[in-house]
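Some notes on the structure that comes next.
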Amino acid sequence: MLKIVYPICCGMDVHKSFLIACIASTNGQGVTSYKSKRFSTFTGDLRRCATWLAENNCKDICMESTGKYWIPVFNVLEFSCHIVLVHPKYVKAIRGKKTDKKDAKWIADIFKHDLVAGSFIPPADIRQLRDLVRYRWKLTNFTTGEKNRAQNCLTVSNIKLDDVFSDVFGKATTAITTRLLENPTEKSPTFLRSVQGA
(Lines give C-alpha, C1' and ligand atoms only; values in the text may rest on other atoms or scores of the structure.)
Protein backbone atom coordinates (compact mmCIF):
# COMPACT_ATOMS: atom_id res chain seq x y z
CA MET A 1 0.00 0.00 0.00
CA LEU A 2 1.24 3.46 -0.89
CA LYS A 3 2.32 5.70 1.96
CA ILE A 4 0.13 8.71 2.77
CA VAL A 5 2.49 11.69 2.76
CA TYR A 6 -0.18 14.39 3.03
CA PRO A 7 -3.06 13.23 5.28
CA ILE A 8 -4.95 16.44 4.51
CA CYS A 9 -4.37 17.95 1.10
CA CYS A 10 -6.21 19.65 -1.73
CA GLY A 11 -6.25 19.06 -5.47
CA MET A 12 -7.28 21.97 -7.66
CA ASP A 13 -8.54 21.95 -11.21
CA VAL A 14 -8.01 25.55 -12.37
CA HIS A 15 -9.82 27.18 -15.29
CA LYS A 16 -10.01 30.74 -16.58
CA SER A 17 -13.05 31.87 -14.60
CA PHE A 18 -13.39 29.20 -11.91
CA LEU A 19 -11.61 26.44 -10.04
CA ILE A 20 -12.68 23.23 -8.37
CA ALA A 21 -10.98 22.46 -5.06
CA CYS A 22 -11.14 18.96 -3.58
CA ILE A 23 -9.85 18.36 -0.06
CA ALA A 24 -8.80 14.77 0.67
CA SER A 25 -8.68 13.93 4.39
CA THR A 26 -7.21 10.56 5.32
CA ASN A 27 -7.75 9.17 8.85
CA GLY A 28 -5.53 6.83 10.85
CA GLN A 29 -7.13 3.75 9.26
CA GLY A 30 -6.23 4.95 5.76
CA VAL A 31 -9.81 5.88 4.82
CA THR A 32 -10.04 9.06 2.77
CA SER A 33 -13.02 11.40 2.71
CA TYR A 34 -13.47 14.19 0.20
CA LYS A 35 -14.92 17.70 0.19
CA SER A 36 -15.28 19.57 -3.08
CA LYS A 37 -16.18 23.17 -3.69
CA ARG A 38 -16.25 25.51 -6.67
CA PHE A 39 -14.86 29.04 -6.51
CA SER A 40 -14.61 31.79 -9.09
CA THR A 41 -11.17 33.18 -9.85
CA PHE A 42 -12.05 36.72 -8.76
CA THR A 43 -9.84 37.87 -5.90
CA GLY A 44 -12.65 37.95 -3.36
CA ASP A 45 -13.64 34.36 -4.05
CA LEU A 46 -10.01 33.22 -4.00
CA ARG A 47 -9.75 34.70 -0.51
CA ARG A 48 -12.88 32.78 0.45
CA CYS A 49 -11.15 29.69 -0.91
CA ALA A 50 -8.17 30.38 1.36
CA THR A 51 -10.54 30.71 4.32
CA TRP A 52 -12.30 27.45 3.40
CA LEU A 53 -8.97 25.65 3.23
CA ALA A 54 -7.95 27.04 6.62
CA GLU A 55 -11.28 25.97 8.15
CA ASN A 56 -10.56 22.44 6.96
CA ASN A 57 -6.98 22.54 8.27
CA CYS A 58 -5.60 22.11 4.75
CA LYS A 59 -2.25 23.73 4.01
CA ASP A 60 -0.94 21.51 1.19
CA ILE A 61 -2.28 22.14 -2.32
CA CYS A 62 -1.51 20.68 -5.72
CA MET A 63 -2.60 22.35 -8.95
CA GLU A 64 -1.86 22.17 -12.64
CA SER A 65 0.14 24.89 -14.38
CA THR A 66 -2.68 25.61 -16.81
CA GLY A 67 -1.65 28.47 -19.11
CA LYS A 68 -1.51 31.67 -17.07
CA TYR A 69 -4.67 30.87 -15.11
CA TRP A 70 -2.81 29.40 -12.15
CA ILE A 71 -0.87 32.60 -11.41
CA PRO A 72 -3.64 34.66 -9.70
CA VAL A 73 -4.62 31.60 -7.64
CA PHE A 74 -1.01 31.02 -6.64
CA ASN A 75 -0.50 34.69 -5.74
CA VAL A 76 -3.45 34.71 -3.35
CA LEU A 77 -2.87 31.32 -1.71
CA GLU A 78 0.94 31.20 -1.46
CA PHE A 79 1.03 33.17 1.82
CA SER A 80 -1.21 30.75 3.72
CA CYS A 81 -0.56 27.43 1.95
CA HIS A 82 2.20 25.22 0.60
CA ILE A 83 1.48 24.94 -3.12
CA VAL A 84 2.92 22.34 -5.47
CA LEU A 85 2.59 23.37 -9.10
CA VAL A 86 2.83 20.53 -11.60
CA HIS A 87 2.85 20.17 -15.35
CA PRO A 88 -0.53 18.95 -16.70
CA LYS A 89 0.99 15.82 -18.28
CA TYR A 90 2.01 14.55 -14.83
CA VAL A 91 -1.50 14.75 -13.38
CA LYS A 92 -3.46 13.67 -16.43
CA ALA A 93 -6.34 11.45 -15.35
CA ILE A 94 -7.01 8.06 -16.87
CA ARG A 95 -9.39 7.84 -19.78
CA GLY A 96 -13.06 7.82 -19.08
CA LYS A 97 -15.93 10.17 -18.40
CA LYS A 98 -14.08 13.19 -17.05
CA THR A 99 -15.49 16.06 -15.04
CA ASP A 100 -13.80 18.98 -13.32
CA LYS A 101 -14.75 17.51 -9.95
CA LYS A 102 -13.20 14.15 -10.85
CA ASP A 103 -10.04 15.86 -12.10
CA ALA A 104 -9.63 17.74 -8.81
CA LYS A 105 -10.19 14.50 -6.85
CA TRP A 106 -7.62 12.69 -9.01
CA ILE A 107 -5.04 15.43 -8.39
CA ALA A 108 -5.70 15.19 -4.64
CA ASP A 109 -5.36 11.39 -4.72
CA ILE A 110 -1.99 11.31 -6.45
CA PHE A 111 -0.73 14.26 -4.42
CA LYS A 112 -1.54 12.72 -1.04
CA HIS A 113 0.90 9.93 -1.92
CA ASP A 114 3.49 12.46 -3.14
CA LEU A 115 3.51 10.97 -6.63
CA VAL A 116 3.99 14.27 -8.47
CA ALA A 117 7.07 16.43 -8.84
CA GLY A 118 6.46 20.14 -8.46
CA SER A 119 7.95 22.93 -10.55
CA PHE A 120 10.31 25.46 -9.02
CA ILE A 121 8.53 28.74 -8.29
CA PRO A 122 10.77 31.52 -6.97
CA PRO A 123 9.60 33.80 -4.14
CA ALA A 124 7.28 36.71 -4.95
CA ASP A 125 10.01 39.38 -4.84
CA ILE A 126 12.21 37.37 -7.22
CA ARG A 127 9.26 36.87 -9.59
CA GLN A 128 8.63 40.62 -9.64
CA LEU A 129 12.31 41.31 -10.30
CA ARG A 130 12.34 38.72 -13.11
CA ASP A 131 9.29 40.34 -14.76
CA LEU A 132 10.93 43.76 -14.49
CA VAL A 133 14.19 42.52 -16.05
CA ARG A 134 12.31 40.82 -18.89
CA TYR A 135 10.31 43.98 -19.58
CA ARG A 136 13.49 46.08 -19.55
CA TRP A 137 15.09 43.66 -22.03
CA LYS A 138 12.03 44.00 -24.27
CA LEU A 139 12.17 47.80 -24.15
CA THR A 140 15.92 47.75 -24.88
CA ASN A 141 15.34 45.62 -27.97
CA PHE A 142 12.55 47.96 -29.08
CA THR A 143 14.83 51.00 -28.66
CA THR A 144 17.61 49.32 -30.61
CA GLY A 145 15.23 48.57 -33.47
CA GLU A 146 14.01 52.18 -33.64
CA LYS A 147 17.60 53.48 -33.61
CA ASN A 148 18.41 51.18 -36.52
CA ARG A 149 15.45 52.55 -38.47
CA ALA A 150 16.58 56.13 -37.84
CA GLN A 151 20.12 55.23 -38.92
CA ASN A 152 18.75 53.73 -42.14
CA CYS A 153 16.89 56.97 -42.85
CA LEU A 154 20.13 58.92 -42.47
CA THR A 155 21.99 56.46 -44.69
CA VAL A 156 19.52 56.49 -47.59
CA SER A 157 19.42 60.30 -47.42
CA ASN A 158 23.22 60.41 -47.68
CA ILE A 159 23.58 62.29 -44.41
CA LYS A 160 26.74 60.74 -43.05
CA LEU A 161 26.59 61.63 -39.39
CA ASP A 162 28.07 58.24 -38.52
CA ASP A 163 31.22 59.14 -40.49
CA VAL A 164 31.75 62.28 -38.42
CA PHE A 165 30.42 61.35 -34.96
CA SER A 166 31.10 58.25 -32.91
CA ASP A 167 27.57 58.34 -31.45
CA VAL A 168 24.85 59.06 -33.98
CA PHE A 169 22.38 59.54 -31.12
CA GLY A 170 24.55 61.73 -28.91
CA LYS A 171 23.74 65.30 -27.88
CA ALA A 172 25.45 66.98 -30.86
CA THR A 173 24.02 64.68 -33.52
CA THR A 174 20.54 64.88 -31.98
CA ALA A 175 20.74 68.68 -32.22
CA ILE A 176 21.74 68.43 -35.90
CA THR A 177 18.91 66.01 -36.70
CA THR A 178 16.42 68.22 -34.86
CA ARG A 179 17.65 71.25 -36.84
CA LEU A 180 17.15 69.37 -40.11
CA LEU A 181 13.60 68.46 -39.14
CA GLU A 182 12.70 71.96 -37.95
CA ASN A 183 14.09 73.70 -41.07
CA PRO A 184 12.99 71.62 -44.06
CA THR A 185 14.00 74.28 -46.62
CA GLU A 186 17.65 74.16 -45.58
CA LYS A 187 18.39 70.52 -46.27
CA SER A 188 17.62 67.63 -48.55
CA PRO A 189 13.88 66.94 -49.01
CA THR A 190 14.78 63.29 -49.58
CA PHE A 191 16.01 63.02 -46.01
CA LEU A 192 12.90 64.71 -44.62
CA ARG A 193 10.55 62.48 -46.55
CA SER A 194 12.39 59.35 -45.39
CA VAL A 195 12.35 60.40 -41.73
CA GLN A 196 8.75 61.56 -41.68
CA GLY A 197 7.59 58.46 -43.51
CA ALA A 198 9.53 56.05 -41.25
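Hey, what did the chain get for relative contact order, percent, Cα under 8 Å, at least 6 apart? List each step's numbers first, then the result.
On the way: 256 pairs, mean separation 39.1, N = 198.
RCO, the chain: 20 percent.
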Q. Straight-line reach from residue 101: which aspartates and glutamates have a Cα under 13 Å away, not including same-chain ones fewer than 8 places off?
A. 13, 109
Q) Leaving out ligands, DNA and RNA but keeping every protein chain, what accessible area does residue 70 have, in Å² rounded to the nearest 10, with a 1.4 Å probe? A) 40
Q. Taking 0.36 nm per intervening residue step and subtracting the Cα-Cα distance, what contour gain separates residue 152 from residue 68 on full extension?
A. 26.3 nm
Q | Eligible lysines near residue 160 by straight Cα distance, threshold 27 Å, same-chain separation 8 or greater | A | 147, 171, 187
Q) Given R₀ = 22 Å, FRET efficiency for residue 165-residue 138 by Cβ-Cβ distance, to 0.05? A) 0.20
(Q) Let me cross-check residue 135: its accessible surface, 1.4 Å probe, with only protein heavy atoms counted, in Å² to the nearest 10? (A) 130
Q. In sequence order, what are the phi-derived ³J(HN,Hα) couplings for segment 22-32 according to the Karplus relation 6.51 cos²θ - 1.76 cosθ + 1.60 with θ = phi - 60°, rounded to whole Hz, with x for glycine and proline?
A. 10, 8, 10, 10, 10, 8, x, 8, x, 8, 10
Q. Given +1 on the Cβ of Lys and Arg, -1 on the Cβ of Asp and Glu, and no further charges, what dipole in debye does the chain carry about its Cα centre, rounded to the nearest 20?
A. 680
Q) Toward the positive end of the charge dipole of the chain, about the Cα centre and with charges on Cβ (Lys, Arg +1; Asp, Glu -1), which of 77, 145, 66 goes farthest? A) 66
Q | Most mobile listed residue (78, 55, 64) in the chain, GNM with C-alpha springs under 10 Å | A | 55
Q) Ignoring any ligand, DNA or RNA, what whole percent of the accessible area of the chain comes from carbon and sulfur when the probe is 1.4 angstrom? A) 56
Q) For segment 129-140, in order, what is each residue's ³J(HN,Hα) by Karplus, 6.51 cos²θ - 1.76 cosθ + 1.60 with θ = phi - 60°, in whole Hz (x at glycine and Pro)? A) 5, 5, 5, 5, 5, 5, 5, 4, 4, 5, 5, 4
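The values are calculated or read from the model by the stated rules, or taken from the named source; none is laboratory data. Just so we're clear, the structure is a prediction, and the values are computed from it rather than from any experiment. Glycine gets a Cβ as well: all are built from the backbone with ideal geometry, and neighbour counts include every protein chain shown. When the accessible area is computed, the model is the full protein with side chains, heavy atoms only, and any ligands, DNA or RNA have been set aside. Shrake-Rupley method; radii C 1.70, N 1.55, O 1.52, S 1.80 Å.
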